[in-house]
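Here is the structure we will look at.
What follows draws every value from the coordinates through simple rules; no lab data is involved. Quick caveat, the model's predicted, so the values are computed rather than measured. Heads up, the Cβs are rebuilt from the backbone with ideal geometry, glycines too, and the neighbour counts pull from every protein chain shown.
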Amino acid sequence: MLPVIFLTGQQTKSSVLTAMKLKPVDYLLKSITKGELREKLECYFTIQKAKE
């Protein structure tokens with residue numbers, strides 16, 4: 001199973017709440033750097049492997 005991560009510029013309370021109802025593993029804002037995104041993805045995949 002692949003993690004669902006929202007990467008968006010939407011920061012309003014209603015957009016965050018709407019997205020979180022879909023149960024993503026994370027909600028990231030577009031200000032995130034490539035390095036931060038890469039680290040988060042590696043973390044999610046490590047957690048997923050540990051669950052298997």
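When we screen ALA19, ALA50 for residues that are of a type in the set (Gly, Ala, Ser), free of Cβ contacts under 8 Å to residues at least 24 places away in the same chain and surrounded by 13 or more Cβ atoms within 10 Å (Cβ to Cβ), the only hit is ALA19. Return yes when LYS49 is out of contact with any strand residue (DSSP E or B) (no Cβ under 9 Å at 6 or more places or on another chain) and outside any helix (DSSP H, G or I) and no when it is not. It is false that LYS49 is out of contact with any strand residue (DSSP E or B) (no Cβ under 9 Å at 6 or more places or on another chain) and outside any helix (DSSP H, G or I).
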